[in-house]
Amino acid sequence: MFGGGDELFLGFDFSTQQIKVVAVNSSLKVVHESTVNFDRDLPEFRTEGGVHIHDDQLTVTSPTIMWVKALDLLLTRMKDSGFNFSAVVALSGAGQQHGSVFWKDGAAKVLDNLQSDTLLHVQLKNYFSIPDSPIWMDSSTTEQCENLEKIIGGPQKLADITGSRAYERFTGNQIAKIFQSRPADYQRTEHISLVSSFAASLFHGAYVPIDISDGSGMNMMDIHNHQWCQQALDACAPNLCDKLGPLVPSYHKAGSISSYFVDRYGFSPECAVIAFTGDNPASLAGMCLQKGDVAVSLGTSDTLFLWLETPQPALEGHVFANPVDASAYMALLCFKNGSLTRERVRNSVADGSWETFSHLLEATNPGNDGNIGIYFNVQEITPSAVGTYRWNSDGKAVPSFPPGTEVRAVVESQFLAKRLHAENLGYNIGCNSRVIATGGASSNTPILQVLSDTFNAPVYTLDTTNSACLGSAYRAKHGREGGDKVAFTKVVKCAPAYQLAVSPRLEAHNIYSKMLERYKEYEQKIV
Ligand code: XUL
């Protein structure tokens, strides 16, 4: 039964709206998928999109016990479909980043003694001191952020240590708010997990440590030595070191699965539980990113994942410890004006047609004959600015461009911004760099050509619908094989291949490198 070909690895994703699992075999082929959607499958929690937005519109939480209940439902569905749990040799998972779980005094004992004839949520329902977990969509902790930056010595100092300036959703600031607003509940909290380490703890039947990659999204971890920054812990709440426990590399093997899952679902008692991590780090693993790579997700908002060797934390973006190579880093940059902004230009000058948009793009020259535009429909995150701006080749502000120039301007400025801000965080274009493009616009070759020329790298595409789950299954295999002894790249050699979409053109790249200087000047002007 446990012969090579029959071994299975599970990757879970505890995301905002659902939990999902994929099973891969030892050739990393997906053999099973299941999902539980919180709104649809657990209507008793009355969530919308898996969350509760509170009256102040700033506080956003999810019922912790809903996640627990969803896990049994998911595993029951798998069992009913005939899934062979006994073949699973290791599992890992991802959690929405920054969310926190507050375990009440006595919870560890219950975890250690889970009874397989009673559902998890029945056994654990009274063991969360804060029953509603703060999640990443919460933005109610501005005061705590200001305090943390002040105590540490300013936003850049905090970024230098923890990889990010203070952000409302980052867990340290969320914990500070809980401590200040509910001191008695904080007092009764024996352990604090991230969503990722909470889910791992359910499987292990004991607290699984926070991994260094998801731990980087808390504003309390020193990303350079992977230890808690004591000054940041103290600035957030008392006794945090005890309540958080140690940090571990993301491929840490926590131990074997709890007998609850063995008895109830038929897992092997030897099934290994590998530390869970954040959904973004897990996606980086799922895309098999390597040194020098950039992943560009072109969706409603555009997101960039960078593999970094020498990070330069800045006041924008986030630097995390790398989930598959603890000596490296990853950076995350979010650009709010993604496809909606491209669509606005398409609707205004290309008759609402992507085909016309592409023709216009192809009919104009790289560098746009010196014209540059910046299009921020909504308040941008990177950089902090809003509005539409256009400059002609003489550097003169102009109110409009002809259709072709307008189309090229929006695409070029979006990719120049990505290169500029990637370089600000320590990214360097190298000769082996690759760009992995995902999301809606990744099927548009003329758009990808601009991306390729800007980064002087071939652009590959990959189906990433399940990248956090897949990355978790791959990490389960990596962790089981002894994460620090074997390179992740070796483990994922047989993962689905990238498709080469376009290759860079040196002449165009040289134009963009020059143009970047002008773009930078204009961006500084409008911030
Ligand atoms: C990352 C972030 C989101 C969540 C979504 O910083 O807040 O991407 O991880 O689940």
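Some values worked out for this structure:
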{"read-out": "Those GluC sites (Glu not before Pro) in segment 33-73 that DSSP places in a loop and that have at most 11 other beta carbons within 10 Å", "value": "none"}
{"read-out": "Relative intensity, log₁₀ I(q)/I(0), of segment 1-95 from a Debye sum that treats every alpha carbon as a point, q = 0.12, 0.19, 0.26 Å⁻¹", "value": "-0.44, -0.87, -1.32"}
{"read-out": "Segment 418-522, dipole about Cα centre (Lys/Arg Cβ +1, Asp/Glu Cβ -1), debye to the nearest 20", "value": "300 debye"}
{"read-out": "In Å, descending, principal axis extents of the Cα set of segment 415-527", "value": "50, 27, 26"}
{"read-out": "Table column - 3J(HN,Hα) (Hz), segment 221-228, Karplus curve with 6.51, -1.76, 1.60, x for Gly and Pro", "value": "9, 7, 5, 8, 10, 6, 10, 5"}
{"read-out": "Overall form of segment 8-281 per C-alpha gyration tensor (a/c, 1.5; a/b vs b/c)", "value": "prolate"}
{"read-out": "Largest-first principal axis extents, alpha carbons of segment 76-123, Å", "value": "37, 30, 19"}
{"read-out": "Area accessible to solvent at residue 465, 1.4 Å probe radius, in Å²", "value": "110 Å²"}
{"read-out": "Segment 1-148, relative contact order in percent, only Cα pairs under 8 angstrom and at least six apart counted", "value": "27 percent"}
{"read-out": "Surface per residue (accessible, 1.4 Å probe) for the chain, Å²", "value": "38 Å²"}
{"read-out": "Gained length - residue 521 relative to residue 116, 0.36 nm times residue gap less alpha-carbon distance", "value": "139.5 nm"}
{"read-out": "Percent accessible area from carbon and sulfur atoms, segment 8-281, protein chains only, probe 1.4 Å", "value": "47 percent"}
{"read-out": "Ranked order, 288, 241 - accessible area, probe 1.4 Å, largest first", "value": "241, 288"}
{"read-out": "Placed amide H near residue 460: partners under 5 Å, 5+ positions off or other chain", "value": "435, 436, 437, 501"}
{"read-out": "The chain - percent relative contact order, Cα under 8 Å, separation 6 or more", "value": "16 percent"}
{"read-out": "Helix-only mean residue ellipticity at 222 nm for the chain, each DSSP H run of n ≥ 4 adding -39500 (n - 2.57), per residue, nearest 500", "value": "-11000 deg cm²/dmol"}
{"read-out": "Normalised contact order of segment 8-281, rounded percent, pairs of Cα under 8 Å and 6 or more residues apart", "value": "21 percent"}
{"read-out": "Residues of segment 401-425 with amide N under 17 Å of a point placed 7 Å along Cα→Cβ from residue 362", "value": "404-405, 407-408"}
{"read-out": "Rounded accessible area of residue 525 (nearest 10 Å², 1.4 Å probe)", "value": "140 Å²"}
{"read-out": "Probe 1.4 Å, all protein chains present, accessible-area order of 86, 181, largest first", "value": "181, 86"}
{"read-out": "Loop sites in segment 216-319: GluC sites (Glu not before Pro), DSSP, at most 15 other Cβ within 10 Å", "value": "270, 309"}
{"read-out": "Along principal axes, Cα extents of the chain, largest first, whole Å", "value": "73, 53, 43"}
{"read-out": "Loop-resident sites, segment 381-458, for trypsin sites (Lys or Arg not before Pro), counting at most 16 other Cβ within 10 Å (DSSP)", "value": "396"}
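The values are calculated or read from the model by the stated rules, or taken from the named source; none is laboratory data. These numbers come from a predicted model, not from an experiment. A quick note on method: Cβ atoms are made from the backbone with ideal geometry, for glycine too, and the neighbour counts reach across all protein chains shown. Side chains included, ligands, DNA and RNA excluded: accessible areas come from the protein's heavy atoms. Shrake-Rupley method; radii C 1.70, N 1.55, O 1.52, S 1.80 Å.
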